[in-house]
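The values are calculated or read from the model by the stated rules, or taken from the named source; none is laboratory data. No experiment lies behind these values; they were computed from the predicted model shown. Don't worry about glycine lacking a Cβ; one is built from the backbone with ideal geometry, like all the others, and counts go over all protein chains shown. In case anyone asks, the SASA skips ligands and DNA or RNA and just uses the protein heavy atoms, side chains included. Shrake-Rupley method; radii C 1.70, N 1.55, O 1.52, S 1.80 Å.
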Protein chains: 2
Amino acid sequence: VPGSEVDVTVGLTEDDFRVLDAGDSLNCARDKFDLQDESIYLDGNSLGAMPRSAPARLAEIARDWRTDLNRGWTEHGWLDLPLTLGDKIAQLIGADPGEVVAGDSTSVNLFKLLGTALCLRPGRRTILTEDANFPSDLYIARGVERMTGGAARVKAVPRGDLADAIDDDTAILMLTQADFRTGHLHDMAALTRGAAEHGALTLWDLSHTAGVHPVDLNGCDVDLAVGCGYKYLNGGPGAPAYLFVARRHHDTLEQPLSGWLGHEQPFLFDTEYRPATGVARTICGTPSVFGLATLEAGVDILLEHDITEIHRKSTALTGMFIRLIDQECTADGFRIVTPRKDERRGSQVSIVHPDAERFIAGLADRGVVGDFRAPNILRFGFAPLYVRYTDVWEAVTQLKDVARA
Amino acid sequence: VPGSEVDVTVGLTEDDFRVLDAGDSLNCARDKFDLQDESIYLDGNSLGAMPRSAPARLAEIARDWRTDLNRGWTEHGWLDLPLTLGDKIAQLIGADPGEVVAGDSTSVNLFKLLGTALCLRPGRRTILTEDANFPSDLYIARGVERMTGGAARVKAVPRGDLADAIDDDTAILMLTQADFRTGHLHDMAALTRGAAEHGALTLWDLSHTAGVHPVDLNGCDVDLAVGCGYKYLNGGPGAPAYLFVARRHHDTLEQPLSGWLGHEQPFLFDTEYRPATGVARTICGTPSVFGLATLEAGVDILLEHDITEIHRKSTALTGMFIRLIDQECTADGFRIVTPRKDERRGSQVSIVHPDAERFIAGLADRGVVGDFRAPNILRFGFAPLYVRYTDVWEAVTQLKDVARA
C-alpha cells in the first residue's frame with residue numbers, strides 16, 4: 001500500500017503527500033472527471049463526480065432520439081442496455097457475463113431479489129439482516145414482510161450476532177458489504193459460507209464497495225446482490241442501480257416485479273407472462289436510457305483501470321487520513337469510528353464529534369466537501385480515481401482549523 | 001371538431017387537409033419539437049418526439065452535477081422533482097397538487113398501487129381487470145398475486161363482462177383507459193362509479209390517454225392511477241412514469257416498496273420506517289434526475305396548450321384518418337378496429353390486415369412511421385402537438401400504394 005513506507009516516527013508532512021501524488025499510478029484518472037482543480041471532494045460515496053464523457057453521451061442519446069425516434073430502441077441498442085451495461089458492471093464485482101442487469105433503483109432491485117429469495121427457499125420465513133444496515137434496505141425488507149402477510153419476517157440483529165443468528169429458517173441473509181456510517185467492511189466470504197452451511201442464500205448490497213473494492217461475488221459463492229449506480233460508479237444523480245443473480249439460480253428464478261421487458265418475447269404482447277431466460281427476467285419496465293448512458297460513462301472509466309490498483313489507493317488514502325487525524329487532531333475530541341484494519345475498512349473515514357454538523361458546514365465553506373450523518377458523524381469518502389493524496393493533507397489541515405476556530 | 005364541416009358527399013381531397021392545417025390552433029406547437037419537416041411520425045404513442053428544449057435541460061443538469069456535485073440535490077431541487085413535476089402532471093390528468101408523484105416505471109408504480117389497494121380494502125381478495133389489458137399490467141398483477149401467497153387473486157374478464165364482474169370481493173378494478181391495440185376508450189366515470197357502488201377502488205392506467213385526452217381523475221372520483229412518461233408526454237426513451245393517489249386515501253395509504261425517500265425524514269437514516277405525509281410516501285429510491293428533466297421538458301410543452309384543444313385535434317385527426325381509409329382503401333381488405341364513435345376512441349387508429357407487418361415496414365421505407373402490433377394490426381398514433389392534417393393524407397396515400405405495390 002502506498003504510504004506504508006512513510007516513516008511514522010517523524011510525523012507526516014505535506015511533502016509526503018506530494019510525493020505520493022507524484023508516484024500515484026492513478027494520477028491520470030482525475031482528468032477523466034470534470035472537477036475544478038481546487039475542489040476537494042470527499043463525498044463521492046454520496047454522489048460521484050461527473051465523467052468528462054457524460055455530456056457527450058447525453059447529447060448522443062438526444063441526437064438518436066431526435067433522428068431515429070422509436071427505432072432507437074433497436075438501432076442504438078437502448079433495449080439491450082440493461083444487459084450490455086450489466087455485463088460491464090459484472091467485471092467490477094466478480095460476476096460473469098449474463099449475471100447482472102442495470103436498471104431501476106437499488107431499493108426496487110432489493111425488493112425483486114428478496115421476493116426471489118423467498119421463492120428459492122420455500123418454507124423458510126426469515127430475512128436476516130443487520131440492525132445497522134442501510135435504512136432503505138431495512139424498510140424494503142419490511143415492505144416484503146407486509147406484502148407477504150407475514151409469510152416472511154425480518155430479523156435484524158447487531159453485527160456481532162449475525163453468524164449465530166443464521167438458522168434453518170433463514171431464507172436469506174441480506175447485508176450491505178460496507179456500513180454507510182462507519183465504513184466497516186463485512187467478511188463477505190465467511191458470512192456467505194456461514195449462510196450456505198444452513199442452506200440460506202445471501203443478498204449483498206454493494207452500494208459502498210463496488211468501484212473501490214475488488215468485490216468477488218462468484219469467488220465468494222454469493223447468490224444475489226444489488227448496488228447503487230451514482231456513488232463510486234459515478235453514474236450521475238439518481239442513476240439506475242443494478243442487480244446480480246448467480247447463474248445457478250437462473251432456471252428457477254422468479255421475481256415479483258414481473259414487468260413486460262422481463263418477458264421472453266415482450267413484443268408479442270402475450271397476456272401470459274413467460275419469463276425470459278436467465279437474469280433478463282429480473283427486468284421490469286422500459287429502461288431509463290439517459291440514466292443508463294451516464295452510468296455507462298462512469299463504468300467505462302472504472303474499466304480502464306485495475307480494480308486492485310484502485311483498492312490499493314483507497315486503502316492508502318483512508319490509512320493516511322487516519323494517521324494524519326491521529327497526528328494533528330488528538331486534542332480536538334475526534335473519535336475515529338472507521339476500522340483501522342485495512343481489510344475491514346471501506347473507502348471512507350468516519351469521525352464522531354458532537355459538533356460534526358457545524359464542522360462539515362465549515363469545511364464546505366473552505367472548499368472541502370465531506371458529509372454529515374446524524375447525529376454526530378463527519379464522513380469522508382475517498383474515490384481513488386479523483387481524490388489526491390494532497391487532498392488528504394488539505395482536508396485534515398482545514399478540519400483542524402475549523403475545529404479550533 | 002375540425003374537419004366535421006368538410007362535405008363528405010364529395011370525397012376528401014388533399015386540399016381539405018391543407019385547409020385544416022392552415023386553420024389549426026395548434027400549428028405552432030410542432031416547432032417545439034425537433035422533427036424533420038418530412039417526418040410523418042404516427043408512433044408518438046410508442047415513443048414521443050423530442051422537445052427542442054430537452055438537450056438544453058440535459059446540459060443544464062450535467063452542468064449542475066459538475067459544478068455543485070452533491071449539493072445539487074437541494075440547491076437545484078433534484079430531490080423534490082418527483083413532487084414538483086408530479087404537480088405539473090397533475091394538471092394534465094384532473095388531479096390536485098400533492099396527489100401525483102413522478103418516478104420509477106409504470107409497472108413498478110402499478111405494483112406499488114396494487115399493494116396499496118389491498119391494504120385499503122382488507123378482506124377483499126380480487127384484483128379485477130380486463131383480459132385484454134396491457135400485458136405488463138396483467139403480469140404485474142400476477143406478480144402481486146404470487147407475492148401475497150394467494151391472498152390476492154387476479155380475475156381477468158372480457159371488456160363487456162367487467163361491470164357485472166365487480167362484486168363485494170373486488171378490492172380493486174384495474175383498467176387501462178385506452179386499449180393499446182385498438183384505441184378503445186373505457187368510460188372511466190361509469191366504471192369507477194360501478195366499482196364504488198360495491199366498495200371497490202379503481203386503478204386507471206393512463207399511458208395511452210394522458211396528454212391527448214382531458215383525463216379527469218378527481219371529476220370521476222378515481223382512487224388510484226399510473227401512467228407512462230415517454231408516450232404522449234414526450235419524456236424521452238424510458239422516461240420515468242408517474243402515479244396518482246386521491247387525497248382521501250393519503251392518511252391510510254401504505255405501499256410495499258417503502259424505500260428511503262418515502263420516509264418522513266430520509267436524512268435521519270432512522271432504522272424505523274415512518275412514511276412521509278401524503279403521496280410522497282409512494283416514493284421509493286433516489287429520483288432519476290436526467291430522465292425527470294427530459295420528462296419535464298415534454299410536460300411543459302403540454303401545459304402551454306389547452307388540453308381541450310389538443311383533444312379536439314386528436315379527434316379530428318383520427319376521424320379524418322378513418323374517413324380517408326374508408327374512402328381510399330375499401331378494396332384493400334383493411335378492417336378498422338378502432339371505435340368510430342369519437343367518445344370511445346383514443347388518439348390512435350388501428351387497422352387489421354393479414355399483411356400488417358409488411359405494410360408497416362413498407363410505410364417506414366416511405367417515411368411514414370406507424371407501428372406493428374402482433375399478429376395483424378397496423379397501429380397509427382396521432383400526437384396532436386406535432387402531427388399535421390396533411391400527414392393523415394400522406395399516410396393514407398402511401399398506405400394505399402404499399403398495399404397495391
Just read off the accessible area of residue B:145 with the full protein assembly in place, 1.4 Å probe, to the nearest 10 Å². 40
Output row for residue B:375: copy-to-copy label distances, label 7 Å along Cα→C-beta, ascending, in nanometres, one decimal, is 6.8
Mind listing the Cα extents of the stretch B:228-278 along all three principal axes, in Å, largest one first? 38, 27, 16
Rounded D (µm²/s) - chain B, Kirkwood Rh over Cα pairs, Stokes-Einstein at 10 °C, 1.306 mPa s: 72
Shortest first and in nm to one decimal, what separations exist between residue A:272 and its copies in the other chains, measuring from label points 7 Å along the Cα-to-beta-carbon line? 4.8
Could you let me know the centre-to-centre spacing of the stretch A:349-369 and the stretch B:131-167, using Cα atoms, in angstrom? 53
How do A:340, A:323 stack up against each other in accessible area, from largest to smallest, with a 1.4 angstrom probe? A:340, A:323
What's the FRET efficiency of residue B:264 with residue B:22 using the Cβ-Cβ distance as r and R₀ = 60 Å, to the nearest 0.05? 0.60
Note the per residue figure in Å³ for the convex hull of the C-alpha positions in the stretch A:71-182. 137
Solvent-accessible area per residue for chain B (1.4 angstrom probe, square angstrom): 34
How large is the convex hull of the Cα atoms of the stretch B:284-405 per residue, expressed in Å³ as a whole number? 147
Between copies, how far does the label point of residue B:300 sit from its twins, in nm, shortest first, when each point is 7 Å from Cα along Cα→Cβ? 2.7
Set of lysines with alpha-carbon distance to residue B:88 below 27 Å, sequence-local pairs under 8 removed: B:32, B:112, B:231, B:313
Work out from phi, with θ = phi - 60° and the Karplus expression 6.51 cos²θ - 1.76 cosθ + 1.60, the ³J(HN,Hα) of each residue of the stretch B:371-382, listed in order in whole Hz, and give x for Gly and Pro. 9, 9, 10, 4, x, 8, 10, 8, 10, 10, x, 10
Please list the helices of chain B that count as membrane-span-like by this rule: a mean Kyte-Doolittle hydropathy of at least -0.5 together with Cα atoms stretching 24 Å or more along the helix axis, each helix being a complete DSSP H run. B:307-328
Residues whose built amide H sits under 5 Å from the amide H of residue B:33, excluding neighbours closer than 5 in sequence, are B:52
At 1.4 Å probe size, with no ligands or nucleic acids counted, give the accessible surface of residue A:67 in Å², nearest ten. 60
Taking alpha-carbon centroids only, the stretch B:1-61 lies from the stretch A:245-264 a number of Å equal to 41
Net charge (Lys, Arg +1; Asp, Glu -1) of residues whose beta-carbon lies under 15 Å from that of residue A:153, residue A:153 excluded, is +1
Accessible-area composition of the stretch B:257-369, carbon plus sulfur, in percent [1.4 Å probe]: 49
Pulled fully out, how much extra length does the chain show between residue A:304 and residue A:344, if you take 0.36 nm times their separation in residues and subtract their Cα-Cα distance? 11.8 nm
Starting from the residue with the highest accessible area, list A:358, A:146, A:388, B:373 in decreasing order, probe 1.4 Å. A:358, A:146, A:388, B:373
Report, in cubic angstrom per residue, the convex hull volume of the C-alpha atoms of the stretch B:1-140. 222
From highest to lowest solvent-accessible area (probe 1.4 Å; ligands, DNA and RNA excluded), A:304, A:296, A:38 read A:38, A:304, A:296
Taking amide hydrogens as modeled 1.01 Å from N in the peptide plane, which residues meet the under 5 Å criterion relative to residue B:338, leaving out close sequence neighbours? B:350
Counting only the heavy atoms of the protein chains, how much of residue A:330 is accessible to a 1.4 Å probe, in Å² to the nearest 10? 110
I need the calculated FRET efficiency for the pair residue B:193 and residue B:251, taking r as the beta carbon distance and R₀ as 25 Å, to the nearest 0.05. 0.60
Does a label point 7 Å from the Cα of residue B:355, set along Cα-to-beta-carbon, have any residues of the stretch B:374-405 with amide nitrogen under 12 Å, and which are they? B:399-405
Equivalent-ellipsoid semi-axes of the protein assembly as shown, from the Cα gyration tensor, Å, largest first: 50, 30, 23
In whole Hz, what ³J(HN,Hα) sequence does the stretch B:150-158 give by Karplus (6.51, -1.76, 1.60; θ = phi - 60°), x for Gly and Pro? x, 5, 10, 9, 8, 10, 10, 10, x
Amide H to amide H under 5 Å from residue B:217: which residues, 5+ apart in sequence or cross-chain, H placed 1.01 Å off N in plane? B:94, B:95
